[in-house]
1. Hey, could you check segment B:101-119 for residues that are at the interface with chain A (Cβ under 7 Å from one of its Cβ atoms) and in a loop (DSSP other than H, G, I, E, B) and say which is nearest to B:Gly67 (Cα to Cα)?
2. Which residues, taken from segment A:197-224, are of a type in the set (A, V, I, L, M, F, W, C), in a helix (DSSP H, G or I) and modelled with pLDDT under 85?
3. Scan segment B:123-169 for residues that are crowded, with 23+ Cβ neighbours inside 10 Å, closer than 12 Å to B:Phe92 by Cα and within 12 Å of another protein chain (Cβ to nearest Cβ) and jot them down.
4. In contact (Cβ under 8 Å) with a residue 40 or more places away in the chain and more than 14 Å from chain A (Cβ to nearest Cβ): is that true of B:Leu190 in this structure?
5. In segment B:190-209, how many residues are closer than 9 Å to B:Thr48 by Cα and among the aliphatic types (A, V, I, L, M)?
6. Do you know which residues across segment B:220-241 are out of contact with any Lys or Arg (no Cβ under 6 Å at 6 or more places or on another chain), among the aliphatic types (A, V, I, L, M) and closer than 17 Å to B:Ser206 by Cβ?
7. Filter segment A:91-138 down to the residues that are more than 17 Å from A:Gly186 (Cβ to Cβ) and touching an Asp or Glu at 6+ places or on another chain (Cβ under 9 Å) and list them by number.
8. Please work out if A:Leu168 is within 14 Å of another protein chain (Cβ to nearest Cβ) and either in a helix (DSSP H, G or I) or surrounded by 24 or more Cβ atoms within 10 Å (Cβ to Cβ) (or both).
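The values are calculated or read from the model by the stated rules, or taken from the named source; none is laboratory data. Please read these numbers as outputs of a predicted model, since none were measured by experiment. Here the Cβ positions follow ideal geometry from the backbone for every residue, glycine too, while neighbour counts run over all protein chains shown.
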Amino acid sequence: MTLFGFRIPMMASLIVWALVWEIVGHMDVIFLIPPMSAILSAGIDLVQTASWQNATVVTIRSFVIGMALAIGIGVPLGVLMGRSRIADNIFGLWVNMFVSAPLSALVPVLMILFGMGETTIVVTVFLFAVWIIVLDARAGVMQVPPSLIEMARSYGAPPSTILRKIVLLAALPEILAGIRIGLIRGVKGVVIGQILVAIIGYGELFELYSRSFDMERFWALTIVLFAAAMLLSGIVERAEKRIEYYAGAR
Amino acid sequence: MSALAEEFDPASIVTHDPVVRVEGICKHYGSVEALRSIDLQFERGKLTTLLGPSGCGKTTLLKIIAGLVPATSGRIMVNGRAVTGPGPERAFVFQDFALMPWATVLRNVAFGLELKGTPAAERNRVARHHIEQVGLQGFEDKYPHELSGGMRQRVGIARAFAVNADVLLLDEPFSAVDEQNRRKFQEDLLRLVEIENKTFIFVTHSIEEAVYVSDRIVLLSPRPGRVSQVIEPKIDRAADPDDIRRDAGYLDVVEEIWQGLRHYAE
């Protein structure tokens, strides 16, 4: 973007909004918005505390396990639904229901089922992420050109080879897109789960800071989470870019 | 025998070496009858075209011969053996090329051999030879999206030749290729028919294309698809391509087929 002939760097809008925040913060309008500089210095202090580091380890562990399950179950289920009419009829309704369901409302039920510990968080991450991964994998498999499958059949490929060498590769762009959105939803899941359980990881910290009106740390923690979610999505997006030519050439 | 054409009579067709025999093939899609008792024979070294208006089942018949679509009744014999599925003695060229966008030209051409389990070095050697045959040398490491439509279909043809099948099944291979390239393709196809000594079964909806490339044209009539006429264009292929397209005999056959098909057109 250019303004009055000057090229404006990509992150410029972020800096502008940070400045606006800083000014509003110094005006002391409302205690909820401390100056950005105070938040940043609180953030630097925060990441050095043992409580933050422990919370981060717990959070990452729940997130990674939940996401691994979501991808490990979601992708095969989506591929199965894309290939088999029967599987699609059996699971289709449920997947579509859950993908738009207000899952936060389910977390208290999960707490009863899985206790007030990490298991509940893992299940929450899984439930937040898995449905979109299933739907995208299914969509990717369904739009594999029939002629590519016929081609492989005509050269004598058995169904397992067709799945491995044609279907999975042809559906890869959609599978990756599903995983990217799943990761973002998973971050939401881990935070919402922890806040509702309120005694683990970042949820405990959020609870602590908001109860004691420690807004600097509250915002610092939020920014750390935003940055992590954007970083994750950015990494997958890079992988998607590398195979972008697929979609156009199919 | 008439210089141009003769009425269809299965018994009168002299086949010296019928590589493919289509015997009483019928195909129903639910209550729709797509093909009704098709009997045909295809000889080695000859190119036969299945020609007809849309809905006559020509592509369905080709896919039944390929073993990609099951017939409702009747059977397909290849080299004297009844076949029910795809086999290594038949290779298919697709209308939309059916190239793997994630694979290079070399890997696409070698894909049939890869599925057969041919070692990499051997299949790449064979693939390079056929890439050269279709005039794509230097493009081995390119991806399909980097090629023009005409070049992509050359890849499809090279892939079919690389498996060294006896029977080449071509489903409207040039319909997605622009006009200049199509003419060049037709000439190249004639050259390949001449040097490869294989059985070619070709589907097209273009009368001119059919007359130009075919040793024999099977006219199918629609709903249900039946063989309505078999025509053998007697065209001197040694002549210059441009002269052939102006030749009176060529134009007469085109006209005759058009008269046979025109009542199917709206």
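1. The qualifying residue nearest to B:Gly67 (Cα to Cα) is B:Pro101.
2. Within segment A:197-224, the first condition is being of a type in the set (A, V, I, L, M, F, W, C), and the residues that meet it are A:197-200, A:205-206, A:208, A:213, A:215, A:218-221, A:223-224.
If we keep only those that are in a helix (DSSP H, G or I) too, we end up with A:197, A:205-206, A:208, A:215, A:218-221, A:223-224.
Of everything in segment A:197-224, just one residue is of a type in the set (A, V, I, L, M, F, W, C), in a helix (DSSP H, G or I) and modelled with pLDDT under 85, namely A:Val197.
3. Correct list: B:Gly156, B:Arg159, B:Ala160, B:Ala162, B:Val163, B:Leu168, B:Leu169.
4. Working: in contact (Cβ under 8 Å) with a residue 40 or more places away in the chain: yes; more than 14 Å from chain A (Cβ to nearest Cβ): yes.
Judged against the criteria, B:Leu190 is a match.
5. Quick first cut of segment B:190-209, residues closer than 9 Å to B:Thr48 by Cα only: B:199-203.
Restricting the remaining residues to those that are among the aliphatic types (A, V, I, L, M) gives B:201, B:203.
Number of matching residues: 2.
6. First, the residues of segment B:220-241 that are out of contact with any Lys or Arg (no Cβ under 6 Å at 6 or more places or on another chain): B:221-223, B:225, B:227-231, B:233-241.
Narrowing further to those that are among the aliphatic types (A, V, I, L, M): B:227, B:230-231, B:235, B:238-239.
Matches in segment B:220-241: B:Ile231, B:Ile235.
7. Residue satisfying the conditions is A:Arg138 alone.
8. On the way: within 14 Å of another protein chain (Cβ to nearest Cβ): yes; either in a helix (DSSP H, G or I) or surrounded by 24 or more Cβ atoms within 10 Å (Cβ to Cβ) (or both): yes.
In short, yes.
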